[in-house]
Amino acid sequence: MVSFFVYILSLIALTGCNASLHSEQIEQVEHEQDYAALVEFYNAMGGEEWINSTNWCSDLPLEQWYGVYTHQGRVYAIDLAANNLSGNLPRSIASLSELKYLNLASNSISGSIPQSYGGLSNLVRLSLYNNRMSGDIPAALNKIDGWRYNWGYAVYGNRYNRFNLYDCGIKAPELELASLSGEVIQLDEAAYARSRYTILFQFSDKYLDFIPTLKALYEKYHPFGLEIISWCNQCDNIADIIAQQGIEWSVALVSEEQPLSRYNDLYYPVGLYPTVTMFDSEANLVFSDTVESRGNIVSVLDERFADIVNPDLYTSTDYSADGAVTMLQQAVEGQGIDIVLMGDGFSDRMVADGRYQEVMIRCMEAMFSEAPFSHFRELFNIYMVTAVSANECFEYNSTTALRCKFGEGTLISGDNERCFDYVADIVTEEQLDDTLIVVVLNSDKYAGTTYMYHPRAGVFGSGASIAYVPLTTENEIFRTLVCHEAVGHGFAKLDDEYILEGMGTMPADNRGYRAKREAFGWLKNTDVYHSHNFVKWSHFLSLQRYIGAGVGVFEGAASYASGVYRPTEQSIMNQNIDGFNPPSREAIYQRIHSLAYGNQWSYDFEKFKEYDFVNLLPNIAPKMSLNSEIQSFTPTHSPIIQNNRCLYKQNK
């Protein structure tokens, strides 16, 4: 095909340098321009592998190409969502000067948005969500009115990587909302300037869980300049919600009769519930849960208001050691099993005087204090990554490197993505399924929470995990917390064996969730079946030495009093005593060897039994009753299950 530029020159030659092109010729030029852009797009996006590529690159009219829509001969929309597109976006799309809608969501597109897309002046919506994109966003897009209201559709779900969303100049939307009382809520430049920060909160009557978090933030920071504007989509009971939730900020009702913007949108910045977006007094975007965890808004505000609320906190000034990697132990056999240790709430002075490393070494020794870890230490690589925090505490107005917070009960939350960023120089994204990250909090509180990610595949407890444990006040408590959270949950994907007060029978729906995780080799120490012939650890029940060591079938586990069973009365996965029971030791043994020796290793129960008899059973004295010390035990929070990071878009 003759190139577009050669075609232009030939037309000029035919009509004369100073002559105007006839309208028919102009239309032909524009058609050739659109045709060439689409062909280049097809080649760049792996068109031969598309699920549907009907008529692409053919001589048929463009409107007959799958997913292409035209108006008066020009391409104005492309919809190729979930069509197996891959590769980097080509610059050629920018030549589709009449393009209004580009929907490429839920594919495998990588790279960044080309700078040339900032020239698509007619663009209303660019949908790139649920891909694998990252990098800078063209600042010129902010000059396009439609982008200002719909940018969320471009960035949401690209959590495999990250867009540099806060550096591209996204401005707050100008909205005119009707409050429940009939008053007009005018959001413009002047409205944003009246507050230090303004949160825009979109919710529905079915998604109210985040309101208590916002209430707490509003109570803390509204006197210092925080404003919240929210709207509920299609809520018939909005007055009841406001009363029941105790909402004190402005709430608007959005419907088809009362849309958000001039584009008749019902959502901002994306059609999800809930969404949290925050702008500063100059209307600049400073937070969005389209690119980071919604809960991070707490630590972001704590950091931004710290200078006003409590200026007396010790604050680090030297971040030169941040991100430094130190190998505490190197494997001397096998492929090397990677465990990464980090701390949160440790300032620059705690790093400089050696306290940070001392704590990481304590954590390492705690992990290897219980078998089977203690018997296979030579198979592990233990890394320490230095994370320098601004402050040394976890108060509402403090700032830490990993943004850890203590929640209700024994819950700990942190910025998991920041943890993964810190280990990027040690393990690749593909290796994360085989990696355990342990975060030690500089706090004497008692708590503990592990976040377990579904793997791509695997049968021996595969999946990335992050275990959060505080230093606590006693070394023995810290040791057992590390073993329970990091080794039990994080490494072997074991279940809790304790029973929580008030928890009755495990719901039948939980069986489906368990089955999915059991397929990955998780939860080997609990079962919904209690028959000695079918329970997961039935192979132990035919051996008198294990029966004599207390192995059986005991009702109550995974927080529930009935409907789920555990293999021993007590263990470290129950009330943090008596070490790991035989089925748990088997699961740990299996994962250690599968990671250390790879596909060349296959599991043999006879070999495990030989190891277990020699090293462990003679020293085991089963404890079949609870004493007063055990009764005072406080369980840590149940593991929190996350979707696979690399396959986020498929699992969302």
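At a probe radius of 1.4 angstrom, the accessible area of the chain per residue rounds to 43 square angstrom. Taking amide H as placed 1.01 Å from N in the peptide plane, the amide H of residue 170 sits under 5 Å from that of 285, each at least 5 places away or on another chain. Using the Cβ-Cβ distance between residue 190 and residue 167 with R0 = 25 Å, the FRET efficiency computed as 1/(1 + (r/R0)^6) comes to roughly 0.50.
Both radii were evaluated on the Cα set of region 341-397; the Rg over Rh quotient, with Rh as the Kirkwood radius, amounts to 1.09.
Remark: C-alpha extents of region 70-140 on the principal axes read 34, 27, 18 Å, sorted largest to smallest. Taken along the Cα-to-beta-carbon direction at a fixed 7 Å, the label points for residue 51 and residue 335 span 3.2 nm. For the chain, the equivalent ellipsoid derived from the alpha-carbon gyration tensor has semi-axes of 52, 31, 24 Å in decreasing order. With a 1.4 Å probe rolled over the protein heavy atoms of all chains, the accessible area of 63, 32, 48 falls in the order 48, 63, 32, largest first. Mind giving me the FRET efficiency for residue 205 and residue 324? R0 is 56 Å, r the Cβ-Cβ distance, nearest 0.05 is fine. Efficiency computed from Cβ-Cβ geometry: 0.70. In terms of the Cα gyration tensor, with a ≥ b ≥ c the square roots of its eigenvalues, is region 38-167 rounded because a/c is under 1.5, prolate because a/b exceeds b/c, or oblate? The shape class here is oblate. Here the chain exposes an accessible surface that is 47 percent carbon and sulfur, computed with a 1.4 Å probe and the other protein chains kept in place. When the alpha-carbon atoms of region 275-429 are used, the pair Rg, Dmax equals 17.8, 59 angstrom. Put the Cα centre of region 33-105 next to the Cα centre of region 189-205 and the gap is 37 Å. Modelled spin-label separation between residue 602 and residue 222, with each label point placed 7 Å from Cα along the Cα-to-Cβ direction: 6.7 nm. Taking all protein chains together and rolling a 1.4 Å probe, residue 539 ends up with roughly 60 Å² accessible. Among 168-180, 492-504, the peptide with the highest mean count of other Cβ atoms within 10 Å heads the list, and the full ranking is 492-504, 168-180. Which shape class, rounded, prolate or oblate, goes with region 304-391 when its Cα gyration tensor gives a ≥ b ≥ c as root eigenvalues, a/c under 1.5 marks rounded, and past that a/b bigger than b/c marks prolate? Since a/c reaches 1.5 and a/b is larger than b/c, the shape of region 304-391 is classed as prolate.
The values are calculated or read from the model by the stated rules, or taken from the named source; none is laboratory data. If you're wondering where the values come from, they're calculated on a predicted model, not measured in any experiment. We place every Cβ from the backbone using ideal geometry, glycine too, and count neighbours over all the protein chains shown. Only protein heavy atoms, including side chains, enter the accessible area calculation; ligands, DNA and RNA are left aside. Shrake-Rupley method; radii C 1.70, N 1.55, O 1.52, S 1.80 Å.
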